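What follows is one structure encoded as structure tokens, with my remarks underneath.
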Amino acid sequence: MKILFVADVFGSAGSRAVRDRLPGLRDELAIDFCVVNGENAADGRGITPKLADRLLEAGADVVTLGNHTWARNEIVDYLAASERVIRPANLGAGRPGRGLTAAPAADGTPVAVVNLLGWLFLDVPVTPFELLDELVDEARRLAPVVVVDFHAEATSEKIAVARLLDGRVTAVIGTHTHVQTNDARVLPGGTAAITDAGMTGPHDSVIGVEADLAIRRMRTGMPVRFHPASGDVRIEGVVVECDADGRATSCQALRVAID
Ligand SMILES: [Fe+2]
């Protein structure tokens with residue numbers, strides 16, 4: 001099975017790139033299952049129901065989110081009802097939505113997807129380590145192939161989680177920093193891992209935001225309203241191949257220039 005993970009879709013440029021290019025990319029790469037992180041789709045913060053539907057229509061089998069999950073009020077009811085758009089599992093008990101789902105790949109084989117937030121430098125009510133074992137066990141009861149989107153800031157935490165889950169899941173894909181790391185690999189136990197899959201959006205920017213605005217806020221310490229940038233748009237992500245038992249056989253970073 002070949003799985004495509006599309007890294008954090010940022011703003012309208014990122015959403016457009018997915019809409020225009022993902023269907024063709026799925027065909028060209030013979031992808032059986034596709035996960036898209038959509039947590040920055042709505043102008044860089046959060047996602048709306050309409051944008052989530054568009055990612056699904058473009059070929060995402062499951063959409064994952066991150067630290068901006070609740071940035072848009074209108075997504076709350078949508079998440080409560082959706083089986084295909086999930087949010088980090090460790091946002092606190094009783095919150096709407098789910099942190100684990102399973103959906104069929106092209107040949108009908110179920111694939112489970114888990115979404116978790118890191119706790120180093122991020123504000124989370126529950127550490128991922130408190131939930132990991134239970135979530136992974138539950139995911140493996142649903143499907144032999146399990147993809148984990150670990151949305152986290154710190155490289156150390158992302159590598160630690162990949163090592164911790166080696167041999168228990170198909171892939172641990174790091175997201176959130178928007179900078180693709182040069183460490184796509186299959187760990188000794190058969191788990192594909194990359195510390196960060198990158199960003200699908202405008203790279204002529206400071207991690208998606210117009211560079212001038214990000215620099216002005218940092219230099220002055222004053223509030224500056226951010227706008228998504230528009231230049232050097234890329235789809236970034238990772239392609240993982242695995243056997244029917246869920247063991248990964250290859251892991252390759254992906255970078256596709258759009259304009
Ligand atoms: Fe994020």
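What to note about this one:
- Within the range 150-179, the only residue that satisfies the criterion of being within 13 Å of the ligand (Cβ to nearest atom) and part of a helix (DSSP H, G or I) is K158.
Residues are listed down the side, and each one gets a yes or a no for (1) more than 24 Å from A81 (Cα to Cα); (2) aliphatic (A, V, I, L, M):
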residue: A17; (1), (2): yes, yes
residue: D20; (1), (2): yes, no
residue: E28; (1), (2): yes, no
residue: N40; (1), (2): no, no
residue: R45; (1), (2): no, no
residue: R54; (1), (2): no, no
residue: E57; (1), (2): no, no
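- Selection from the range 180-219 of residues that are within 16 Å of the ligand (Cβ to nearest atom), small (G, A, S) and under 19 Å from L116 (Cα atoms): A197, G198
- For the range 81-110, taking the residues that are under 23 Å from E130 (Cα atoms) and of a type in the set (A, V, I, L, M, F, W, C), the one that is farthest from the chain's Cα centre (by Cα) is identified as A93.
- In summary, H68 fulfils each of the numbered conditions (1) more than 22 Å from V18 (Cβ to Cβ); (2) in contact with an Asp or Glu (Cβ under 9 Å, 6 or more places away or on another chain); (3) within 16 Å of the ligand (Cβ to nearest atom) with the single exception of condition (1).
- Any chance G24 is of a type in the set (G, A, S), outside any helix (DSSP H, G or I) and either touching a Leu at 6+ places or on another chain (Cβ under 8 Å) or away from the ligand (no atom under 15 Å from the Cβ) (or both): no
- Being free of Cβ contacts under 8 Å to residues at least 12 places away in the same chain and among the aliphatic types (A, V, I, L, M) is a property that A81 has.
- Scanning the range 77-109 for residues that are surrounded by 15 or more Cβ atoms within 10 Å (Cβ to Cβ), part of a strand (DSSP E or B) and out of contact with any Phe, Trp or Tyr (no Cβ under 8 Å at 6 or more places or on another chain) yields a count of 3.
- Some residue of the range 30-37 being in a loop (DSSP other than H, G, I, E, B), within 16 Å of the ligand (Cβ to nearest atom) and touching a residue at least 24 places away in the same chain (Cβ under 8 Å): no
- In the range 135-149, the qualifying residues are those that are in a strand (DSSP E or B) and β-branched (V, I, T), and the one that is farthest from the ligand (Cβ to nearest atom) is V145.
- Of the set (1) closer than 14 Å to L65 by Cβ; (2) within 16 Å of the ligand (Cβ to nearest atom); (3) buried (at least 21 other Cβ atoms within 10 Å of the Cβ); (4) of a type in the set (V, I, T), all apply to V124 but (3).
- The set of residues in the range 38-54 being assigned to a loop (DSSP other than H, G, I, E, B) and either basic (K, R) or touching a Cys at 6+ places or on another chain (Cβ under 9 Å) (or both) consists of R45 alone.
Laboratory data are not the source of any read-out in this text; all were calculated from the coordinates shown. All of these numbers come straight from a predicted model, not from anything done at the bench. When we count neighbours, we look across all protein chains shown, and the Cβ atoms used for this are built from the backbone with ideal geometry, even at glycine.
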